[in-house]
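The values are calculated or read from the model by the stated rules, or taken from the named source; none is laboratory data. Quick caveat: nothing in here was measured; it's all calculated off a predicted structure. Cβ sites come from the backbone with ideal geometry, for glycine too, and all protein chains shown count toward neighbours. Only protein heavy atoms, including side chains, enter the accessible area calculation; ligands, DNA and RNA are left aside. Shrake-Rupley method; radii C 1.70, N 1.55, O 1.52, S 1.80 Å.
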Amino acid sequence: MSTDQETYQSFRIAVPEEFETVFSHFYFAANTSKNNITKTLLPSFQTMMVFNFGTPALFISKEKAKISIGNCIVLGPVKQAFSYTLLPGTQLLIANFKADAFYRFFGRPQLSGDQTIDPDELLLDNCFHYLWQQLNEIDDVAEKVKFILNFCKPYLRSQDDVSALLFNFQSGLLNPVKSVAEQTGHSERNIQLIHKRHFGFSAKELSRYGRFIKAIGFIQQLPSSTGKVNWFEIIEECGYYDQSQLIHDFKHFTNTSPKKFLKFRRDVCRASDG
């Protein structure tokens with residue numbers, strides 16, 4: 001658990017083994033202070049379902065568009081950093097979908113990076129409004145998560161064979177699209193379309209993100225007391241061609257430069273962080 005002067009509470013909740021291909025984890029955040037608390041969420045390439053059990057929260061896109069979070073919304077896949085503000089009394093519980101899990105629930109392409117939607121609009125009934133009401137009566141966060149997992153079981157479809165191969169692809173030296181196409185007899189173009197439709201992003205986008213998030217890992221391991229970074233070491237270790245490409249990726253994913261990122265990294269959150 002982490003706290004900011006005992007006013008910002010946040011922690012991660014692991015999921016049971018049977019749901020490991022569905023959710024990476026659940027995340028809880030609450031503002032118990034009398035002031036607004038603003039954080040920046042790094043891209044995770046995951047789709048998130050956000051439940052709010054307190055005062056509305058605000059998500060702010062890079063275009064400065066403000067999206068109010070009432071009871072429940074779906075957001076993502078998150079491909080670029082954005083800010084969010086927890087008002088006094090905000091309590092968020094966030095389910096982080098893994099890989100093609102969103103498609104397995106709703107059977108449709110995922111949302112664009114800045115789009116949000118009420119999950120009831122994705123189905124033919126208002127079951128998520130009912131789910132929120134049930135969750136709102138449960139005080140313990142871990143029990144809320146258990147309730148969500150039991151609730152979602154009837155809606156979850158089996159993983160597509162091609163998606164499973166893409167999901168479990170491990171070799172970082174090979175092209176996943178080409179390799180899976182060879183294994184299945186599909187054309188590379190068809191595998192690309194399946195990847196985009198089921199995961200919400202292309203294999204090329206994911207590869208670029210992997211390089212960027214590795215660079216973020218190097219930076220976040222630095223002591224908070226120092227601002228010195230060996231950028232050329234990061235370029236070499238993370239597979240960048242040069243400093244220009246590194247800067248370009250930072251501006252693409254965070255809308256800022258690597259050096260400016262150092263200045264506000266204490267207010268940055270990663271969906272994959274524990």
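Structure summary
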read-out: Lysine pairs in the stretch 152-274 with Cα atoms under 18 Å, if 8 or more residues apart or on separate chains; value: 15
read-out: Using θ = phi - 60° and Karplus 6.51 cos²θ - 1.76 cosθ + 1.60, couplings along the stretch 34-51 (whole Hz; Gly, Pro as x); value: 9, 10, 5, 10, 10, 10, 10, 9, 6, x, 10, 6, 10, 8, 10, 10, 10, 9
read-out: Environment charge of residue 163, counting only residues whose C-beta is closer than 11 Å and scoring Lys/Arg +1, Asp/Glu -1; value: 0
read-out: Length-normalised contact order for the chain - Cα pairs under 8 Å, 6+ apart - percent; value: 20 percent
read-out: Mean Cβ count within 10 Å, highest first, over the residues of peptides 207-216, 134-143; value: 207-216, 134-143
read-out: Gained length - residue 157 relative to residue 127, 0.36 nm times residue gap less alpha-carbon distance; value: 9.1 nm
read-out: Length-normalised contact order for the stretch 189-247 - Cα pairs under 8 Å, 6+ apart - percent; value: 25 percent
read-out: Computed E for residue 7/residue 68 - FRET, C-beta separation, R0 22 angstrom, nearest 0.05; value: 0.55
read-out: Percent antiparallel among DSSP beta bridges (both partners in the chain, rounded to 5); value: 95 percent
read-out: Amide H partners (placed H, <5 Å) of residue 23, local residues excluded; value: 98
read-out: For the chain, accessible area per residue (1.4 Å probe, heavy atoms of protein chains only), Å²; value: 52 Å²
read-out: Separation between Cα centres of the stretch 150-212 and the stretch 256-270, rounded to whole Å; value: 30 Å
read-out: Percent accessible area from carbon and sulfur atoms, the chain, protein chains only, probe 1.4 Å; value: 48 percent
